[in-house]
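The values are calculated or read from the model by the stated rules, or taken from the named source; none is laboratory data. As the structure is a computational prediction, the values presented were derived from the model and not from experiment. When we count neighbours, we look across all protein chains shown, and the Cβ atoms used for this are built from the backbone with ideal geometry, even at glycine. Surface accessibility is based on the protein's heavy atoms, side chains included, excluding ligands, DNA and RNA. Shrake-Rupley method; radii C 1.70, N 1.55, O 1.52, S 1.80 Å.
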Amino acid sequence: MKPTFMGASTKQGYAIAARSREIVRSLINEKTKDLTAEERSIVERIVHSTADPEYADITRMSNDFVLRTLEAVSQGKDILTDISMVKSGINKYIGDVKCYINNEKTIEIAGNTEITRAAAAMEVAASEGFDGVVVIGNAPTALWKVMELVENRSMNVSAVIGVPVGFVGAAESKKALEETSIPNLITQGPKGGTPVAVAAINSLINISRNKR
C-alpha cells in the first residue's frame, strides 16, 4: 500500500514520504512510545511539518481530544480557523472550513470594541451558530475568546487545537486551555503556528478518512 503520509502523489514523492516517515519515527520513537496510535500519528505529522523533533516533547492532548475530534470530523462538522492561512492548508475535508477574519462583521466589531480581529472573528462564528472543531495557529486572543464563549455557553465546540505562536500571550493562552474541560491539543511554550495547526487537523482528517 502506498503511504499517505505527507500527501505524496507520485512515485518519487511516495519514496520521499516513506523515508521521511522512517526518519521522524526514529527521532521520536522513545518520546511517543506511551501514546495511542492516533496520537502518535498526529505528533509524527507535526514533527515532519516543522522539522523539529522537540514537538514530540511539547505537544499535549487531553484524554478525550482524539475521540471527540474524530467524532466531529467524521460527521462533517464545521472547522473554524483563526486566520486564512490555516484555512488554506486544510485539505480533503468533507465538511466546511470557515474563517471570519476578513468578514465585515468582524471588522466592525473589532473597530467598535478595540479587540483584535481574530478575537472578533470568534464572536462572529458564535453568532453564526458554529458547532465543530476550532483550529487556532496564530492568535492567542482568538483562543482566549473561544474559551470565554464556551464558558458562557455562547459557542458549541467539539474540540480545540490551540497552538498559537509567539512570545506575548501564546504560552499563557495554551496553558489556560489545557486546564479547561474542552477537549484540546496544545503545544507548550511559545512554539506553534500555522504548520503545526494544519498538520494536527489534517492528520485527524486523514485518520477519519481511513476509518471509513
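Summary table
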quantity	calculated
Residue ID - nearest to the chain's Cα centre (by Cα), chosen from residues in the range 42-73 that are modelled with pLDDT under 95 and among the small types (Gly, Ala, Ser)	Ser49
Filtered residue count, the range 176-207, keeping only those that are touching a residue at least 60 places away in the same chain (Cβ under 8 Å), in contact with a Leu (Cβ under 7 Å, 6 or more places away or on another chain) and in a helix (DSSP H, G or I)	3
Residue among Thr69, Thr59, Thr106 that alone is open to solvent by less than 50 Å² (accessible area, probe 1.4 Å), touching a Phe, Trp or Tyr at 6+ places or on another chain (Cβ under 9 Å) and polar (S, T, N, Q)	Thr106
Matching residues, the range 109-123, being buried (at least 22 other Cβ atoms within 10 Å of the Cβ) and hydrophobic (A, V, I, L, M, F, W, C)	Ala118, Ala119, Ala120, Ala121, Met122
Lys191 over 25 Å from Ser127 (Cα atoms) and either at pLDDT 95 or above or of a type outside the set (A, V, I, L, M) (or both)	yes
All helices (runs of 4 or more DSSP H) inside the range 54-106 with 2 or more residues being touching an Asp or Glu at 6+ places or on another chain (Cβ under 7 Å)	none
Verdict on Gly166 being touching a strand residue (DSSP E or B) at 6+ places or on another chain (Cβ under 7 Å), outside any helix (DSSP H, G or I) and not aliphatic (A, V, I, L, M)	no
Qualifying residue in the range 144-163 (condition: without any contact (Cβ under 8 Å) to a residue 12 or more places away in the chain and either closer than 17 Å to Ile83 by Cβ or not in a helix (DSSP H, G or I) (or both))	yes
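Here's the yes/no breakdown for (1) surrounded by fewer than 23 Cβ atoms within 10 Å (Cβ to Cβ); (2) over 15 Å from the mean Cα position of the chain (by Cα):
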position: Gly132; (1), (2): no, no
position: Ile136; (1), (2): no, no
position: Lys145; (1), (2): no, yes
position: Arg153; (1), (2): yes, yes
position: Ile161; (1), (2): no, no
position: Ser181; (1), (2): yes, yes
position: Thr187; (1), (2): no, no
position: Ile201; (1), (2): no, no
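Here is a yes/no grid of residues against (1) surrounded by fewer than 20 Cβ atoms within 10 Å (Cβ to Cβ); (2) at pLDDT below 95; (3) within 24 Å of Gly193 (Cα to Cα):
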site: Ile16; (1), (2), (3): yes, yes, no
site: Glu22; (1), (2), (3): yes, yes, no
site: Gln75; (1), (2), (3): yes, no, no
site: Asp96; (1), (2), (3): yes, no, yes
